[in-house]
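Before any comments, here is the structure.
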Amino acid sequence: MRAPHEALIVIDIQNDFCPEGALAVAGGDEIVPRVNALMDEFAVVVLTQDWHPAGHSSFAGSHPGAAPFGQVDMPYGPQTLWPDHCVQGTPGAAFHPGLRTDPADLILRKGFRPAIDSYSAFFENDKTTATGLAGYLRERGVSDLTFVGLATDFCVAWSAMDAARLGFGATVLEGACRAIDLDGSLDAARAAMRAAGVRLTD
Ligand code: VGL
Ligand code: ZN
């Protein structure tokens, strides 16, 4: 058992990020057994859920003529356009059926504002709109976070870098993550995480 100030943060292990999902991450389902086992090691377990309204601004389908994996300029900066995914209440937004959810103390939903995406579990993509997770963890006396889940190079990386920026100890267990790897995004994310002080382990 880990110390009480350590939390496991399980990022977006949802059907749409697993094989046959709308935004499938290669091998996304392979991490489920390891993540399930890890839950027993941590006194504090948080699950996050990507939770978009239909027609969300990060969906390629919401931008006439745009293709998935292209980019648009949003008021808060460049935004990658994704295939429509994790629409609130749909089977794609549900957790992978094999993922344990009973050990979770908190299930945090993000990405629910129509006009802004939220890769990170801490801040939306404008990097200022808070989700409330930092306050929750601090009030519980948590100082060190281990991140697992999907996808390494987007929601896991952005969450871990925000955690480090906020002063939490941040570790990414890469063996319990899988990446989208869009145009070298995995290498870029690994370098950015290291530069931000995130510990990468397997
Ligand atoms: C994610 C792209 C869009 C993720 C979520 O969970 O990494 N990536 N929405
Ligand atoms: Zn999303």
(1) open to solvent by less than 40 Å² (accessible area, probe 1.4 Å); (2) closer than 25 Å to G61 by Cβ; (3) without any contact (Cβ under 8 Å) to a residue 12 or more places away in the chain all hold for K110 apart from (3)
With criteria (1) more than 10 Å from ligand 1 (Cβ to nearest atom); (2) touching a residue at least 24 places away in the same chain (Cβ under 8 Å); (3) buried (at least 18 other Cβ atoms within 10 Å of the Cβ), W158 comes up short on (1)
Against the definition (of a type in the set (D, E, K, R) and either within 14 Å of ligand 1 (Cβ to nearest atom) or crowded, with 24+ Cβ neighbours inside 10 Å (or both)), how does D153 come out, yes or no? yes
Residue hits (the range 63-101; in contact (Cβ under 8 Å) with a residue 12 or more places away in the chain, open to solvent by 60 Å² or more (accessible area, probe 1.4 Å) and at positive phi) are F69
Checked the range 91-132 for anything away from ligand 1 (no atom under 14 Å from the Cβ) and polar (S, T, N, Q); matches are T101, T128, T129
When every residue in the range 4-56 that is without any contact (Cβ under 8 Å) to a residue 24 or more places away in the chain and assigned to a loop (DSSP other than H, G, I, E, B) is compared, the one surrounded by the fewest Cβ atoms within 10 Å (Cβ to Cβ) is E20
Within the range 122-139, of all residues that are surrounded by 16 or more Cβ atoms within 10 Å (Cβ to Cβ) and not aliphatic (A, V, I, L, M), the one nearest to E41 (Cα to Cα) is Y136
* Asked: Would you call V198 crowded, with 20+ Cβ neighbours inside 10 Å, at pLDDT 95 or above, more than 12 Å from ligand 1 (Cβ to nearest atom) and within 26 Å of L99 (Cα to Cα)?
  -> yes
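The values are calculated or read from the model by the stated rules, or taken from the named source; none is laboratory data. The shown structure was predicted, so the numbers you read here are calculated from the model rather than taken from an experiment. Every residue, glycine as well, gets a Cβ built from its backbone with ideal geometry; the counts of neighbours run over all protein chains shown. Only protein heavy atoms, including side chains, enter the accessible area calculation; ligands, DNA and RNA are left aside. Shrake-Rupley method; radii C 1.70, N 1.55, O 1.52, S 1.80 Å.
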